[in-house]
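The values are calculated or read from the model by the stated rules, or taken from the named source; none is laboratory data. Because the structure is a prediction, the values reported are computed rather than measured. Heads up, the Cβs are rebuilt from the backbone with ideal geometry, glycines too, and the neighbour counts pull from every protein chain shown.
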Amino acid sequence: MKKADVSSADVARLCGVSRTTVSFVLNNTPGKSIPLETRNKILETARQLGYSPDVEARNVAKRTRRTIGLVINHSDSIYSDAYILRLIEGMAPVFNKKRCALVLVPLRQRRADYPGIIREYGLDGLMITNARADDEGLRVLTELGLPCVVIGTVEGLDAYQVDIDNETAAFDVCDYLLGLGHRRLALIAHAPLSYFAAEARLAGYRRALESRGVAYDENLVRIADFTEVSGYQAMRSLLESGPAPEALFAGNDAIAYGAIQAIYDSGLRIPQDISVAGFDDDFPSRFLRPALTSLTLPAAALGEHAAAAVISLLEGGEKPARRTVLPTILSIRESCRRAVPQR
């Protein structure tokens, strides 16, 4: 390879890092925490290739459109998932202002090759949502010092994270249902418990039961998989396994939609026979009949904060907060009612 033909992309490819990381190292950008091993590898590779950035190249780079990836750790319904759409709604103004392109990256693997994803899609930075606690690829990503923001929570991960307090939010929903006098309160978790949000919402459910003096009953708990179909199947399982619950907390609104259909197909009514509450407050929820009580998740604000954070990391300015937690509220509608006293 001739020296004139060598680019930062060549250095990045050989080192297994992003072009942004190469730029930070070769331009000695202040405020960037890049492992010494990675820094030395980049410098040595650049020396061997005979590559060095010049003023004109830096000026071109400043005019170049950055590309940011949004990695979504469940791919079956990402193009119909209202939560994902609202995340993007919040990201769009930030990225448009900075002339950044957004690439959606569906993901199903338990362990992701994030450096490989960055190379494959030509990304300058990453945002990751629905991250799994058992995804060791996240540790590799953060150790390389690549610009990355997690929308959610992965405990023990040294990364910038933007989230809500899932446990407290779930507690608020369940405490409301229990406060209506319901005691057989069922939960359908929206995802396997390897997802932090699902585990935290289960913890909120259990804490609400304990605070009201209601025993935890594992027979009233089911685990779904993000989709309406899995919510339908989980609700049918609850109804077929014993007495119907008095109330249901669905781990997200998509799960609630499937559960509601299963309740109707069983000849039961909402809220006369079963009160139902969801989580997310997707736009269609308020137009159901009855309108769905749901925990209002600030999805657009989460997207906005994540986009601003990854831009800040790319530009090398003031670093964002390591962890940002946004507030939630419970939107009470007609799908829940007070329990009728037993005679």
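Before moving on, here are some points about what is shown:
- Only listed residue being without any contact (Cβ under 8 Å) to a residue 60 or more places away in the chain and buried (at least 17 other Cβ atoms within 10 Å of the Cβ), chosen from SER275, SER285: SER285
- Within the range 257-343, strands (runs of 3 or more DSSP E) holding 1 or more residues that are under 30 Å from THR21 (Cβ atoms): 323-326
- The range 184-200, residues that are over 14 Å from the mean Cα position of the chain (by Cα) and under 11 Å from ASN252 (Cβ atoms): ILE188, ALA189
- Some residue of the range 36-46 being part of a loop (DSSP other than H, G, I, E, B), of a type outside the set (Lys, Arg) and either more than 22 Å from GLU315 (Cα to Cα) or touching a residue at least 24 places away in the same chain (Cβ under 8 Å) (or both): no
- Residue match in the range 23-46 (condition: modelled with pLDDT of 75 or more, of a type in the set (Val, Ile, Thr) and more than 33 Å from the chain's Cα centre (by Cα)): yes
- With respect to the stated conditions, VAL94 is farther than 18 Å from ALA159 by Cβ, aliphatic (A, V, I, L, M) and either crowded, with 21+ Cβ neighbours inside 10 Å or out of contact with any strand residue (DSSP E or B) (no Cβ under 6 Å at 6 or more places or on another chain) (or both).
- Residues being of a type in the set (A, V, I, L, M), surrounded by 11 or more Cβ atoms within 10 Å (Cβ to Cβ) and either farther than 30 Å from TYR195 by Cα or modelled with pLDDT under 85 (or both) are represented in the range 65-78 by at least one member.
- Counting only strands (runs of 3 or more DSSP E) wholly contained in the range 143-234, the ones carrying 3 or more residues that are touching a residue at least 60 places away in the same chain (Cβ under 8 Å) occupy 148-151, 160-164, 185-189.
- Scanning the range 300-338 for residues that are over 15 Å from the mean Cα position of the chain (by Cα) and among the hydroxyl-bearing types (Ser, Thr, Tyr) turns up SER312, THR328, SER331, SER335.
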